[in-house]
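Right, one structure below, let's go through it.
The values are calculated or read from the model by the stated rules, or taken from the named source; none is laboratory data. Computed from a predicted structure; not experimentally measured. Because the Cβ atoms are built from the backbone with ideal geometry, glycine has one as well, and the counts that use them run over all protein chains shown.
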């Protein structure tokens, strides 16, 4: 089966070497190769800019972008290896190789692996690169932001301790994309969350917003360090143990959070926004049996079958359809037009990239591809 | 069944409140109560002084000694609650209550729980306090030092990762009692050990001694911090992952050791001799999937059945009988004589206690009770 799509230009954000994104990223235009019996052609609908993308462009992320000579020649005439940046994205299947039975034109797919390159208008994919999703009843932006934040939250709530209704989870960075997903999924499962956030001028607004998502309790980091925190949290939990701590910050707040875990609690690190390591006193390891682990969505995807990944996506989609997991705040950037020139698209991209890098206060930047 | 033992004086190291051991410990003489249908009388043969005993006397250990009025009246005439210190010991059953079927006079038993109080010549015990051991073929000192160091080493090698022949373990504090047991048990199971020790004037002697126990490789902490360490360890392991790290030191050495664990390795903390917490960079949690746990023999004993504890002891005893697990260096202190006065016994005890506290360079101090 082939599509009507034949020789449109692909617009992509590419790099030819690692470095500061401002220096190494460019917008590149090239042609999609013809369909083969074992490949799919996909057209991206929307691709978010996530924090880890930056590290990948800098070359400091364990999973590297795929460099290839198949993306054509740069305007300077040299045939260099290029990689497309971006790791998360929603696409529509527009052509299917004759030997592929599992996909049809019009299917919506999400990208199932890191390093694929999602900041482009079209791509060649193999059936292993993508996972088809049943998008009936969920929005395009929700589908485009499905695989990183909500899945990370879902897995961390499932895989480290057994959480029953009424149990307690504590997290820092509660206002991050994952943090908000944790609040909502926990709420859907009747699990209580204690949410640590940084103090800020509009703290009451933030508290109200997280409350509206389902946050059970909210405490600023400054309050957490105070003498009253212990009694306050004890009052909240009714003396019950906090079973799970989720950490994307590191440094002092991660250490402080550990103290509030109950016996045999689990502290899971999935980020380090503070860029600081955190210290662990031996006593909580030895006498409280607290365990410290890391979580990395990329590795989970690599070590689990396509069926397991699809099952997880279906569960998350179900929560979205039930209205239990909403959009994060986002901003669409219309991008990839065939008529706009590369430099103009690059400016548009870098502007979105700047906003995405400005931290987790802002809105998620999502490239919305113009067909 | 009753014994010939009727009204001998019990000599015990007791405390009436927590504090500096020098200030709060005294030797106390009292009478053993008559045997009852549900109790055992035991006579201690040997009781070691272990590092954690100090913390317990200071009141900073999570398991507290048992304070009771049943130990008689102090010379000053006040009937205070007293506790006997010491947690590890080997005893002989000298009287058995009529309703007890599982023990007979002459059995050797070790103490199966913390806080029992082993620095005494005799005690009343219940069948749950003690575990009978088959001591045929093992020495008295080996039996007396069985339950803390070798069992800790045995469990840590068993319970955190699956170790196969040829696998690698790294540990710091390799010259400690547990460290030496780790070396020997790993050797018996054909597991390679990389042993971190502190540099010292007689470092070559120490290396030779640990080698003779079965240490595969030995490295000083100073060498570990050097630029060459990475290549050296890679050469040792042939590039294979180190699966398990055992840490009783904390601080910089524990952090440094973590770097050498392979993907999905496990870092187990069972002590903190440096009294320093250690810091964990998020990257090794997230991208290397290193896990950090604690191990505490006391908790293992509390959460496992008597059968499981007996099985572990039998395994350790088997290793001893096979000559694979030898004595640690020790010094016997003849103690508890009926004819020596309390003050003299106290001096003798505190002298041994000082030596035990002088660190892990020295020999293990073992009270050898005089019958």
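Tabulated values for the structure
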item	result
Per-region count, segment B:266-296, residues at the interface with chain A (Cβ under 7 Å from one of its Cβ atoms), more than 30 Å from residue A:64 (Cα to Cα), free of Cβ contacts under 8 Å to residues at least 60 places away in the same chain and out of contact with any helix residue (DSSP H, G or I) (no Cβ under 6 Å at 6 or more places or on another chain)	1
Among (1) over 21 Å from the mean Cα position of the chain (by Cα); (2) surrounded by 22 or more Cβ atoms within 10 Å (Cβ to Cβ); (3) over 30 Å from residue A:295 (Cβ atoms) - the single one residue B:201 does not satisfy	(2)
Output for segment B:33-63, where each listed residue is part of a loop (DSSP other than H, G, I, E, B), in contact with a strand residue (DSSP E or B) (Cβ under 6 Å, 6 or more places away or on another chain) and closer than 24 Å to residue B:270 by Cβ	B:49
Lone qualifier among B:311, B:299, B:256 - being more than 22 Å from residue A:295 (Cβ to Cβ) and away from chain A (no Cβ under 14 Å)	B:311
Filter pass, residue A:157 being under 19 Å from the mean Cα position of the chain (by Cα), touching a residue at least 24 places away in the same chain (Cβ under 8 Å) and either assigned to a helix (DSSP H, G or I) or surrounded by fewer than 17 Cβ atoms within 10 Å (Cβ to Cβ) (or both)	yes
Qualifying residue in segment B:161-178 (condition: under 25 Å from residue B:17 (Cα atoms), touching a helix residue (DSSP H, G or I) at 6+ places or on another chain (Cβ under 8 Å) and touching a residue at least 60 places away in the same chain (Cβ under 8 Å))	no
Among residues of segment B:229-253, those that are surrounded by fewer than 21 Cβ atoms within 10 Å (Cβ to Cβ) and within 12 Å of chain A (Cβ to nearest Cβ), counted	2
Residues of segment A:19-32 classified as loosely packed, with under 13 Cβ neighbours inside 10 Å and touching a strand residue (DSSP E or B) at 6+ places or on another chain (Cβ under 8 Å), total	0
Wholly enclosed helices (runs of 4 or more DSSP H) of segment A:196-253 bearing at least 1 residues within 23 Å of residue A:325 (Cα to Cα) and assigned by TED's automatic domain parsing to the domain that holds residue A:268	A:203-213
Residues of segment A:87-105 satisfying the condition of being out of contact with any strand residue (DSSP E or B) (no Cβ under 8 Å at 6 or more places or on another chain) and without any contact (Cβ under 8 Å) to a residue 40 or more places away in the chain	A:101
Residue satisfying all of: in segment B:163-177; in contact with a strand residue (DSSP E or B) (Cβ under 8 Å, 6 or more places away or on another chain) and over 15 Å from residue B:218 (Cα atoms); modelled with the lowest pLDDT among these	B:177
Residue B:328 being in contact with a strand residue (DSSP E or B) (Cβ under 7 Å, 6 or more places away or on another chain) and surrounded by 19 or more Cβ atoms within 10 Å (Cβ to Cβ)	yes
Failed criterion for residue B:181 (all others in (1) touching a residue at least 60 places away in the same chain (Cβ under 8 Å); (2) closer than 26 Å to residue B:234 by Cβ; (3) touching a helix residue (DSSP H, G or I) at 6+ places or on another chain (Cβ under 9 Å) hold)	(2)
Test: residue in segment A:205-215 that is under 14 Å from the mean Cα position of the chain (by Cα) and buried (at least 20 other Cβ atoms within 10 Å of the Cβ)	no
Flag for residue A:343 being in a helix (DSSP H, G or I), surrounded by fewer than 18 Cβ atoms within 10 Å (Cβ to Cβ) and away from chain B (no Cβ under 14 Å)	yes
Every residue from segment A:272-318 that is under 15 Å from the mean Cα position of the chain (by Cα) and part of a loop (DSSP other than H, G, I, E, B)	A:272, A:273, A:295, A:296
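Yes or no, residue by residue, for (1) closer than 24 Å to residue A:218 by Cβ; (2) out of contact with any helix residue (DSSP H, G or I) (no Cβ under 9 Å at 6 or more places or on another chain); (3) modelled with pLDDT under 95:
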| site | (1), (2), (3) |
| --- | --- |
| A:105 | no, yes, no |
| A:109 | no, yes, no |
| A:123 | no, yes, no |
| A:137 | no, no, yes |
| A:155 | yes, no, no |
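Listed here are the residues, each with its yes/no results for (1) farther than 24 Å from residue A:119 by Cα; (2) in contact (Cβ under 8 Å) with a residue 60 or more places away in the chain.
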{"position": "A:298", "(1), (2)": "no, yes"}
{"position": "A:320", "(1), (2)": "yes, yes"}
{"position": "A:324", "(1), (2)": "yes, yes"}
{"position": "A:329", "(1), (2)": "no, no"}
{"position": "A:332", "(1), (2)": "no, yes"}
{"position": "A:338", "(1), (2)": "no, yes"}
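To keep it simple, each residue is scored yes or no on (1) within 25 Å of residue B:303 (Cα to Cα); (2) in the same structural domain as residue B:18 (by TED's automatic domain parsing); (3) surrounded by 22 or more Cβ atoms within 10 Å (Cβ to Cβ); (4) more than 20 Å from the chain's Cα centre (by Cα).
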position: B:40; (1), (2), (3), (4): yes, yes, yes, yes
position: B:52; (1), (2), (3), (4): yes, yes, no, no
position: B:73; (1), (2), (3), (4): no, yes, no, yes
position: B:86; (1), (2), (3), (4): yes, yes, yes, no
position: B:97; (1), (2), (3), (4): no, yes, no, yes
position: B:104; (1), (2), (3), (4): no, yes, no, yes
position: B:114; (1), (2), (3), (4): yes, yes, yes, no
position: B:121; (1), (2), (3), (4): no, yes, yes, no
position: B:138; (1), (2), (3), (4): no, yes, no, no
